[in-house]
Amino acid sequence: MLRDVRLQKAFTLRQVAQRASVALGYLSEVERGQKEASSEILASVADALEVPLSMIMREVGDRLAVFEGVYDMQAPYGAGIEVDSARVPDTLPQELVDEYQRVTR
């Protein structure tokens, strides 16, 4: 999710890391879901990305709910989704993103 926002804003990983005062390698690992970030680091990254922290938290919550099968987006999209592990990827298939944007307009 952080990577998606960063790319939409046309920031490099290095720019965000510098602006957020976070190590480049650490931020890369957070983006790829290999490390978890504290709320303080997420707040710094949100500031660096020029987005509200609440937007990041809401988006992450929505993505997690989709994978848990509890978020229906006005239709039973989550129903029947089987999650092989508790790990939720940082990115979603473009078709799912497009559908989400379509139904939330």
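Would you mind putting 36-43, 10-17 in packing order, based on average other-beta-carbon counts within 10 Å, highest first?
Sorting 36-43, 10-17 by mean packing, highest first, produces 10-17, 36-43.
Please report the net charge: other residues with Cβ closer than 10 Å to the Cβ of Glu29, K and R +1, D and E -1.
Every neighbour counted, the sum reads 0.
Assigning unit charges at the beta carbon (Lys, Arg +1; Asp, Glu -1) and nothing else, what dipole magnitude in debye, to the nearest 20, does the stretch 2-53 show about its Cα centre?
Here the stretch 2-53 has a charge dipole of around 200 debye.
Residue-wise, which Karplus ³J(HN,Hα) couplings in Hz belong to the stretch 25-34, taking 6.51 cos²θ - 1.76 cosθ + 1.60, θ = phi - 60°, and x for glycine or proline?
x, 5, 4, 4, 5, 5, 4, 8, x, 8
How do the peptides 96-105, 50-59 rank, highest first, by the average count of neighbouring beta carbon atoms within 10 Å per residue?
50-59, 96-105
No value in this document is a laboratory result; all are computed from the given coordinates. What you see is a predicted model, and the numbers here were worked out from it, not measured in a lab. Glycine also receives a Cβ, built like all others from the backbone with ideal geometry; neighbour counts cover every protein chain displayed.
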